[in-house]
Every structure is written in C-alpha cells, then in structure tokens.
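Report on the following structure.
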Amino acid sequence: MTRIISWLLCAALLAVTTSHAAIRQTKGEFEDKFRQLDEVLPTANIYRTAGGEPGHAYWQQQVSYEIDVQLIEEARRIEASERITYTNNSPDTLRFLWLQLDQNRFREDSMAELTQAFADASRRGPKIEDRKDGKAPRISIDELRRQQFMADNTLGSEIIAVRGQGGELAHTIVGTLMRVDLASPLEPGQATQFSVDFAFNIVEEDALSARAGYEHFPEDERAGGNDIFLVAQWFPRLHAYTDYEGWTNKEFLGRGEFTLEFGNYSVDITVPADHLVSATGVLQNPDDVLTDAQQKRLKQAEKADRPVFIVTPGEALENEREASKGTNTWRFKAENVRDFSWASSRKFIWDAQGYHQGGDVQPLVMAMSFYPKEGEPLWSSYSTAAVIHTMKVYSRFSFDYPYPVAQSVNGPVGGMEYPMITFNGPRTDEQDDGERTYSLSEKRFLVGVVIHEIGHIYFPMTVNSDERQWTWMDEGLNSFLDAMAGLQWNPDIPWKVEPRDIVDYMKSDRQVPIMTQSDSVLQLGPNAYGKPAVALMILRETILGRDLFDFAFREYSRRWRFKRPTPADFFRTMEEASGVDLDWFWRGWFYSTDHVDLSIDRIWKLRLDTKDPDIDFERRRQEEKDKPFSLIVERNRSEGELWVDRNPQIRDFYDDNDRFTVTNKERNEYQEFLEELEDWEVAALERAVEEDKHYYVLEFSNHGGLVMPLLLQLTFGEGETEMVRIPAEIWRRNHRTVKKLIVTERELTQVVIDPRWETADVEVENNHYPRRIIPSRIEAFKTPDKEELEHRDIMQDIKTELEPEKEKEK
Ligand SMILES: [Zn+2]
C-alpha cells in the first residue's frame, strides 16, 4: 500500500516537473525564446476569443446596491443596511452567493494576521541568526503601534442580519468571505434581492496601513480634535463570478486587491451636520446639504479656467474649530461602477473645476479636490489640475473618462483608488512662523499620486481586471500611463519611470516573474508597477513604435471597457492589433526572470579574396610582412651573421622566391574557375572585387537571457554615426551568441549597443567596442570608532554628569 502510494506520488511529481515549461527543445543547448505561448495561455472559447476579445457569448454578472449608512463620529463606527440586487447573467444556476467582508482582515484571528511572518514585521534589520553583540533584529515602532491598536479594538465586520424576500437567509463566514445560501436556486437570466444589516469599528489608518480608515488631528482647536474619515471596503459586496474561474474566491490578505462586479449604487450617507462628504457618484440632494453660496460656486466652477473654491480655506478653518449638533444625509447615485467609497470630515477645503472633454459619453466632468489645511498650499495649486491633466493624457491612450466626477481627497492613505474618487496622502510642513512649506519630493508625490490614482479610474475601475490575482494588470498598465502623464507634466521632475530605473531590480535575486500571484510577489513595487510599466514603454518606443502600440493599446481599452479582461486577453489583443508576433516579449518580460544584458565581444574586418592569384598572393605576402617581426630573429641577427648569409655560394631558387610566388599552374586554375562560372556569377564577383568593400563581422553575446533588439550605433571614419536597429528575432536560432555581417565602403571605428539606454540593459560597459575607460568616483572616509561594549571607557564615562532634561518645545 505504502509503496503504491509513494510511486503514485512520484508520478504526480514527474507530471509537474515535465510540464510544458520544462520540455527540452533539443538534445543540445538550444532554447527557443520565440516558442509560441499557446501552450501557456488558456484555450479560447465562446466567452473569450483567441484574438483576445470578448467572445460572442461573453457575460458578466450585475450587482446593484441601495445602502443606508451612518457614520457615528464619536465612536468611529459605521452602522448600515444594504439591499442587494443580484442579476445572474451566467449560463449557470447558482444556489449560493459569495460576498467579501474585507473588514475581517483586521481580526486578530484572520488569515492575514496569523500568517504574517516575522520577516514582514522586522523589515530591514539584521537576520535573527546573525545576532552579534550590539546588533539585534529590528521591529519598527509602527509595528508595535499596529499590534497595540489591534489588541485594544474590536475589529471586523459585524453581520447583524441577512434577509431575503422570504425571511432570514442562512449565511456562513469563512475568513474574509461570506456565503449566503439562496432560498431557491437562481436560474440564468434571473435576479434576486436580499439585504444585509452590518456594522464595524473604523480602523485608524496610520496604525494599520489599511487603504482606508480615520486620521485623528489632536491639535485642532476644537476640544478633542477632529478626524478625517476615508471609508472603503466597508460594505459586504459580491465576489465576482466569472467564465474563467467561477467564484473568484480568495482570502483578502491585504495585498491582492479586489475582484468586483459592475452595478448601480444609491447610497444615503448620514454624517455630522458640519461634515463635508465626497463620494463615488453624483450628489442627489445639494439643496439639503450645501449652502446657496456653495451651489453657486459649483456652477461657476463648471466654466472656470482654474479651480474655484467651493469651501475656502478660511471657511474650512472656521468649520473645524467647533462641531455642530445634528446630522445631515448626503444622497449619492452612481451608475455602472464596480465599487463605492466615500470620505467625510469637517476639516475639508473643497475646490472644483469643470473639464470639458467633449464627445457624447461625458462631455463635462467635474474635477474636484478635498483637503485639510495640512495639505496647503500644495493641494490648491496642483491637485485638481493634476486630475484634469490625467484625464487628458489617459483618454488619448484609451477612451473618454466615463463618469461625471473625478475626485482627489487628502487623508491618511498614501494613495488608493475607487470609482470617481481617490485618496491621496501628501502633506506640507508647518514652519516656525506658521506658514506651510514642502519639498520637491512632496510636490512630485502629490502630482504623481493624483495622476496615478485618478488613472486607476480607467484601469481597473473601468477596464475591470482581476486585482486579487494580477496586480500588474492594473498597477503595471496604470504605472505606464502615469509615467506618460508625468513626463508630459514636466520631465524635469524625477519621475524614475524609464528603462534605466528598473535595472537594479532586473538583476536582483529577489526578482520573480511578473506573472506571479499578487500575494506571493516579492518586492511588489518593482515587480507589479515598475517592470511592467517599463516593459510597455519599451514595447511602445523600441519594439512596435508609437503608432502600432497606441492603436493596439486603444483597442485593448475599447474591447475591455466595462468588461473583465485576463492576462491572456491583453497579450492576445496587443499582438492581434499590432500585427507583430510578441510571444517572445511576453515570455521574456512577463513569464521569466531573465534580464537584458547584451554585449559586443569582437569585430572582424574582412576583405574579399579576388581569386586571382596575382592579386591574392601578393596581398597574403603583404599580410605576412605586416605581422610583428620575430624578436628572437632580430636579437640573433644583432649578435652575428646567420648561416645563409655566411654561405652565399650555395643559395638556391628558394632563397630568392618566397612561398607566395605565383606559378602558371595557379593562373590556369583561376582561368578554369572563371570558365565554370555562369555569366551572372562572373558579373557579381567582378563587381564585388572592383568595389572592394569592408566586410565587418560583429559578434554579440547575450548574458541576461532576455532576447531584445540590437540597437547599434555605428561610428565611421572621422566620427560620422548611424543607427541600425536589428529586431530581436536575430536571436531565434541561438539566443546566447550571434554574429552579424555589415558590408560598407566606410571605415568602421566604433560600435555601441543601445546608446540611449532604451532596453534596460543591466551592464552597459560591455555595450562598447572598443571598451572604454569607466569614469567613476572615490571617497575618503574616516575609520569609525569601535562600538562593542568593552570599547567604552566605562571607568571614565560613569562619572558623566546627567544633562538636565530639555524643556519641550510648545
Ligand atoms: Zn496603483
């Protein structure tokens, strides 16, 4: 029994190790970097075509929500009731539905919490195994605060009731998921309604880095201070049910984001009466919650050239000084969105400007920003301007901005996106005189993060990719576009988005393929943001060119707008619409950890043999003469006469005729050779002999494994240069080394591969032929004092006076 089991196990292991990736392609070293991806990509079907388009039977579910929610400010608590309408557009009958309870991630018994490894909590310290005197592993004070916050608060979703039309519905909570058992099976094409009453305590964002939460401002004049509330992942919402995976169930571990369905929302938000609310959607009852002046300013903002204050800094300061009693209900509606989030505070300054994008989808979009005084003067200068700039650039690459509002809200979240609303973190510093200031990096952060998060309203809020599985599909595409927008904002700001900026990651051992499940990725930033963005930049600028790339990318955006693409749909569409086989590119950049390191190793300069012995033998004689003369012979000569010189009387034929002497035998053979040639062969040879061009053979090697085009800068004679761009396909028969013949009349003096650093080549010194001297720097340093305990002069130091405690600055 045991033996059979272990044999079966071995068979299973074998099956895994001999999967397609490991199939040997030859008995030798050959590896086909251009092997097609069909064996890796899913088989096309009626839902998704082989060309990467939604198929003729494509479907997706629709889920709409009506929600009544109350923010209980003092308790920092949400209490709400939602009514969900679930429309089953799938061909399948559903007996239960799965919902996401994201707040459960913050429970102490959550999978996210229980599986947090020590390494995650003790980042960047020495390894515990390496502990030596004075060097301990580290834990951040942020982490200590996080643990204390979780211990002190009751967190997670409280599900109070789940009701269908016929009464209570059974429901089962599995971590961050909840299964709701339907009273009767939901047939294809049918819809069902049910409601959920729920509540939760809002987390402190700064304590938990939670993508949402409250931020407390204890120093505000109002007794007890004020909060900004950013509310997201807050209501039980449906998991996606898809044609490619069924239910997209996967525990929320904090990193892999959300897989959601489109639907319509009607949300009534009740907050303290002096709060300002920004939310996904359009405000339905401005008369109830805005003053006449505010409504007038909003109207004015629609046609303004610069953002107009709807709530001025002075009014916001007045507002945050004391709290009013009572509540207001803000009613929002949003159509065809995949999520809903909102922000609320009495601290907000509010500005707005209309963006007239034209077209018939959404000719007028209101760009708006909400921020406290702690974001000034940065926010009023740049936030709304960056919102509008984003829409201008992104729409050129994809489609018109699809919603009536685009908002940027300042709060404790570094940067996070939702339909029509984004949370962005940059702040300014207060100086001694009370004025506020900011660094270049804070300005870059504000403009960059606003562009990035507003950009997410296109990807993945409209092109609805599966974020839980594939971070790169939204972050990578979006980082590519935000780089485009950033570089078009002002290229002098260091955006760090070009191919050279990904080089360190590409050569590091921590690199994993871009096609790695979100929660398993090491170093998410360079893996899911930087590398795919750079890959797309290279695809656009170097492989396809702007016209082909832009056409294909727009086609992808058009095909999958308000639909749910998978990685294969992206790969296939880009290839289909550009007309260029890109399987090698996806294979190398997205499925492998290879890097780019192309080298030019040698150049030969060849001259054509004429075959005419009278010419060729003389040339060979000259070549022999040009070789360095033997040092031994030269020294022997200087020491005394050679035998042949001392015995001239017995010189013979060979002393006067060298081995390059031409005989008639060779001349006859040459004639015979010519006679056997066809006329066209004679003509070709004669012309080549007459032109007598240089035949240069350039030898290249590939040290990184990634095949890429050879971008060659050739320098001739006095310094005239020429670019030759050889497609990556030159590596198709041998990806390790390849030689290329260049025939030219001119004298080749230098070759440089990729002189503009377009390809993220990790080692550029081997790109030069001949090699160059490498300029660098060296710095003098002072030897540091020894730090071990016994190096202290304890005998003296023990007598040190204790410094009086510094009076704390107010
Ligand atoms: Zn992002």
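Restricting ILE67, ILE46, ILE84 to those that are touching a strand residue (DSSP E or B) at 6+ places or on another chain (Cβ under 7 Å), more than 21 Å from ALA183 (Cβ to Cβ) and either in contact (Cβ under 8 Å) with a residue 40 or more places away in the chain or surrounded by fewer than 16 Cβ atoms within 10 Å (Cβ to Cβ) (or both) reduces the list to ILE67. Residues of region 280-302 that are touching a residue at least 24 places away in the same chain (Cβ under 8 Å), more than 36 Å from the chain's Cα centre (by Cα) and part of a loop (DSSP other than H, G, I, E, B): GLN284, ASN285. Filtering region 138-194 to residues that are touching a His at 6+ places or on another chain (Cβ under 6 Å) and not aliphatic (A, V, I, L, M) leaves nothing.
Go through the residues of region 251-258 one by one and say whether even a single one is surrounded by fewer than 23 Cβ atoms within 10 Å (Cβ to Cβ), over 27 Å from the mean Cα position of the chain (by Cα) and small (Gly, Ala, Ser). No, there is no match, as no residue in region 251-258 is surrounded by fewer than 23 Cβ atoms within 10 Å (Cβ to Cβ), over 27 Å from the mean Cα position of the chain (by Cα) and small (Gly, Ala, Ser).
Restricting GLY425, GLY414 to those that are of a type in the set (Gly, Ala, Ser) and at pLDDT below 95 reduces the list to GLY414.
Scanning region 185-222 for residues that are touching a residue at least 12 places away in the same chain (Cβ under 8 Å), over 23 Å from ASP68 (Cα atoms) and either surrounded by fewer than 14 Cβ atoms within 10 Å (Cβ to Cβ) or of a type in the set (Lys, Arg) (or both) yields PRO185, GLU187, PRO188, GLY189, GLU221, ARG222. Please enumerate the residues belonging to region 346-360 that are in contact with a Pro (Cβ under 8 Å, 6 or more places away or on another chain) and either polar (S, T, N, Q) or at positive phi (or both). Those that are in contact with a Pro (Cβ under 8 Å, 6 or more places away or on another chain) and either polar (S, T, N, Q) or at positive phi (or both): GLN353, GLN357. Taking the conditions (1) of a type in the set (A, V, I, L, M, F, W, C); (2) under 17 Å from PHE252 (Cβ atoms); (3) at pLDDT below 95 in turn, ALA223 satisfies each one other than (2). Of the helices (runs of 4 or more DSSP H) contained entirely in region 643-730, those carrying at least 2 residues that are loosely packed, with under 11 Cβ neighbours inside 10 Å, at pLDDT 95 or above and under 58 Å from the mean Cα position of the chain (by Cα) fall at 679-691.
Here is the figure for region 432-461: residues that are more than 14 Å from the ligand (Cβ to nearest atom) and either part of a loop (DSSP other than H, G, I, E, B) or under 17 Å from THR259 (Cβ atoms) (or both) total 6. Taken over region 490-525, residues that are in contact with a helix residue (DSSP H, G or I) (Cβ under 6 Å, 6 or more places away or on another chain), part of a helix (DSSP H, G or I) and either among the hydrophobic types (A, V, I, L, M, F, W, C) or over 19 Å from PHE459 (Cβ atoms) (or both) amount to 3. Criterion applied to MET484, MET537 was being within 16 Å of the ligand (Cβ to nearest atom), hydrophobic (A, V, I, L, M, F, W, C), over 22 Å from GLU53 (Cβ atoms) and out of contact with any Leu (no Cβ under 9 Å at 6 or more places or on another chain), and the one residue passing it is MET484.
Has region 494-502 got any residue that is away from the ligand (no atom under 16 Å from the Cβ), closer than 16 Å to TRP757 by Cβ and among the hydrophobic types (A, V, I, L, M, F, W, C)?
The answer is yes, given that some residue of region 494-502 is away from the ligand (no atom under 16 Å from the Cβ), closer than 16 Å to TRP757 by Cβ and among the hydrophobic types (A, V, I, L, M, F, W, C).
What do you reckon, is ASP274 in contact (Cβ under 8 Å) with a residue 60 or more places away in the chain, part of a loop (DSSP other than H, G, I, E, B) and over 19 Å from ASN424 (Cβ atoms)?
Here the answer is yes, as ASP274 does meet what is asked.
From the residues in region 371-419 that are among the hydroxyl-bearing types (Ser, Thr, Tyr) and closer than 13 Å to ALA343 by Cβ, which one is farthest from the ligand (Cβ to nearest atom)? So the residue we want is TYR371. Scanning region 25-60 for residues that are more than 22 Å from ARG558 (Cα to Cα), within 25 Å of the chain's Cα centre (by Cα) and outside any loop (DSSP other than H, G, I, E, B) returns LEU37, ASP38.
Against the numbered list (1) at pLDDT 95 or above; (2) closer than 19 Å to GLN488 by Cβ, GLU374 comes up short only at (2).
Residues of region 544-558 that are surrounded by 21 or more Cβ atoms within 10 Å (Cβ to Cβ) and out of contact with any Lys or Arg (no Cβ under 6 Å at 6 or more places or on another chain): LEU544, ALA552, PHE553, TYR556, SER557.
Reported count of residues in region 462-473, each being within 11 Å of the ligand (Cβ to nearest atom) and polar (S, T, N, Q), is 1.
Screening the candidates SER599, SER592, SER557 for the property of being hydroxyl-bearing (Ser, Thr, Tyr), modelled with pLDDT of 95 or more and part of a strand (DSSP E or B) yields one hit, SER599. Residues that are small (Gly, Ala, Ser) and either buried (at least 17 other Cβ atoms within 10 Å of the Cβ) or closer than 23 Å to PHE258 by Cα (or both) within region 492-540 comprise SER518, SER520, GLY525, ALA528, GLY530, ALA533, ALA535, listed in sequence order. As a summary of the residue check, ASN424 satisfies the conditions (1) farther than 22 Å from ARG346 by Cβ; (2) within 13 Å of the ligand (Cβ to nearest atom); (3) touching a Ser or Thr at 6+ places or on another chain (Cβ under 6 Å) except for the one numbered (1). Would you pick out the residues in region 683-713 that are more than 30 Å from ARG587 (Cβ to Cβ) and out of contact with any helix residue (DSSP H, G or I) (no Cβ under 9 Å at 6 or more places or on another chain)? Once the filter is applied, which keeps residues that are more than 30 Å from ARG587 (Cβ to Cβ) and out of contact with any helix residue (DSSP H, G or I) (no Cβ under 9 Å at 6 or more places or on another chain), region 683-713 yields ALA683, ALA684, GLU686, ARG687, ALA688, GLU690, GLU691, ASP692, LYS693, HIS694, TYR695, TYR696.
Taken over region 87-123, the criterion of being touching a strand residue (DSSP E or B) at 6+ places or on another chain (Cβ under 7 Å) and outside any loop (DSSP other than H, G, I, E, B) is satisfied by THR87, LEU94, ARG95, PHE96, LEU97, TRP98, LEU99, GLN100, GLN103.
What do you reckon, is ALA232 surrounded by fewer than 17 Cβ atoms within 10 Å (Cβ to Cβ) and aliphatic (A, V, I, L, M)?
Against the criterion (surrounded by fewer than 17 Cβ atoms within 10 Å (Cβ to Cβ) and aliphatic (A, V, I, L, M)), ALA232 does not qualify.
The values are calculated or read from the model by the stated rules, or taken from the named source; none is laboratory data. Quick caveat: nothing in here was measured; it's all calculated off a predicted structure. Cβ atoms come from the backbone with ideal geometry, glycine included; neighbour counts cover every protein chain shown.
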